[in-house]
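Below: the structure, in structure tokens.
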Amino acid sequence: MPVYNAEKYIQLAVDSILEQTFTNFEFIIINDGSTDGTSAILEEYAKKESRIRLISRENRGLVKTLNEGIELVTAPLIARMDADDIALPNRLREQFNYLALNPDVVCVGGDAIIIDEDGRELTILNTPYSNEGIQQEILKGHGALFHPAVMYRTETIQKISGYDSNFYPAEDLDLWLRLGEHGALANLNVAIIKYRFLASSISGQLATRQYAAARASCEAAWKRRAVSGVFEATGDWRPTGHVSSQ
């Protein structure tokens, strides 16, 4: 979990991982030069919880932080998490079991309950579940996977050298495209995370740059795969499936 100035939500995020029904994990948290009260909160957690491995250092940015985390991992599976979201209790168990039963799948996500800044549940956003459906979406510029809700195989993510800073702030879309060339992608047909929409998010602040990076990542994938693609994304490329009111 990369963290930067997340004091308002960090306790909810950390607690949601520590309270998982699946308990056999190392929780790597990289504090990327936070300047608010985040550091003190995380230090208290690290003192009390042996599963937490806390790294605090100067700010290096999201992509470098993500790749640093990947390099530190010794387990065969990596679960991504963001500091302002909330993992539902069975998230890790559901994803671990799925990957154990589906060795061809290199990355699995799931549906998300969308919440606002105050934690109010707004909708459930459903994702495509099959590899074919996900691949079709990402090749058109739609993410089809919630970045803080995925679990991927360490061997595969290290093989492709993790995230590519050239495609920031669409580094996750580029990752799905490259992962999808080394194995199958999937989503669980169940909500596994509460995904917080914030006005201060990268999507809101860097929309134009994000759009350009998303298109560039698709164009690179079309070339690698020798296919003629059509870029359809007009804004945020996150999952755009069926939305159910709650």
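The values are calculated or read from the model by the stated rules, or taken from the named source; none is laboratory data. In this text the structure is predicted, and so the values were computed from the model without any measurement. Backbone-built Cβ (ideal geometry, glycine too); neighbour counts: all protein chains shown. Side chains included, ligands, DNA and RNA excluded: accessible areas come from the protein's heavy atoms. Shrake-Rupley method; radii C 1.70, N 1.55, O 1.52, S 1.80 Å.
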The simple spin-label model distance between Leu72 and Arg209, using points 7 Å out along Cα→Cβ, in nm, is 2.4 nm
Angle between the Cα long axis of helix 38-48 and the longest principal axis of the chain, 0 to 90 degrees, nearest 10? 70 degrees
Hey, in the GNM for the chain with a 10 angstrom Cα cutoff, which one of Pro89, Pro128, Pro148 fluctuates hardest? Pro89
Mind giving me the nanometre distance, one decimal, between the label points for Asp118 and Glu26, set 7 Å out from Cα along Cα→Cβ? 4.1 nm
Given H placed on each backbone N at 1.01 Å, which residues far from Thr123 in sequence or on other chains put an amide H within less than 5 Å of it? Ile114
Using a 1.4 Å probe on the protein chains only, how many percent of the accessible area of the range 1-63 belongs to carbon and sulfur? 47 percent
Under 10 Å, Cα contacts only: if you run a Gaussian network model on the chain, which one of Val106, Val73, Val63 comes out with the highest mean-square fluctuation? Val73
Any chance you could look up the accessible area of Trp222 with a 1.4 Å probe, heavy atoms only, rounded to 10 Å²? 30 Å²
Please report the antiparallel percentage of the DSSP beta bridges confined to the chain, to the nearest 5. 45 percent
For Lys159, go through the lysines and keep the ones whose alpha-carbon is under 24 Å away, minus same-chain ones fewer than eight residues off. Lys64, Lys223
At a Förster distance of 22 Å, what's the computed FRET efficiency of Lys140 paired with Val190, Cβ-Cβ distance as r, to 0.05? 0.35
Rounded to a whole number, what % of the accessible area of the range 87-206 do carbon and sulfur atoms account for, probe 1.4 Å? 50 percent
Return the equivalent ellipsoid semi-axes of the chain as a descending list in whole Å, where each equals the square root of 5 times an eigenvalue of the C-alpha gyration tensor. 27, 20, 19
What figure in square angstrom, to the nearest 10, would you give for the accessible area of Arg153 with a 1.4 Å probe? 50 Å²
Here, Glu44 and Phe197, labelled 7 Å along Cα→Cβ, have an inter-label distance in nm of 3.2 nm
What number, rounded to the nearest 500 deg cm²/dmol, is the helix-based mean residue ellipticity at 222 nm of the chain, given -39500 (n - 2.57) per DSSP H run of at least four residues and division by all its residues? -10500 deg cm²/dmol
Give the calculated FRET efficiency between Trp222 and Glu155 to the nearest 0.05, with a Förster radius of 25 Å applied to their Cβ-Cβ distance. 0.45
Output wanted: per-residue J couplings in Hz (rounded whole) for the range 88-101, from phi through Karplus 6.51 cos²θ - 1.76 cosθ + 1.60, θ = phi - 60°, x for Gly and Pro. 6, x, 9, 3, 5, 5, 4, 6, 4, 5, 5, 5, 5, 8
With a 1.4 Å probe and all protein chains in place, put Ser228, Ser16 in order of accessible area, largest first. Ser228, Ser16
Straight-distance crosslink candidates among lysines, where the alpha carbon sits under 20 Å from Lys194 and sequence neighbours closer than 8 are dropped: Lys8
Relative contact order computed over the chain (Cα-Cα under 8 Å; 6+ residues apart), in percent: 23 percent
Would you give the gap between the C-alpha center of the range 17-94 and the C-alpha center of the range 165-193, rounded to a whole Å? 19 Å
For Phe146, which sequence-distant residues (separation of 5 or more, or a different chain) have an amide H within less than 5 Å of its own amide H, given hydrogens modelled in the peptide plane? Gly110
Rounded to whole Å², per residue accessible area for the chain with a 1.4 Å probe reads 46 Å²
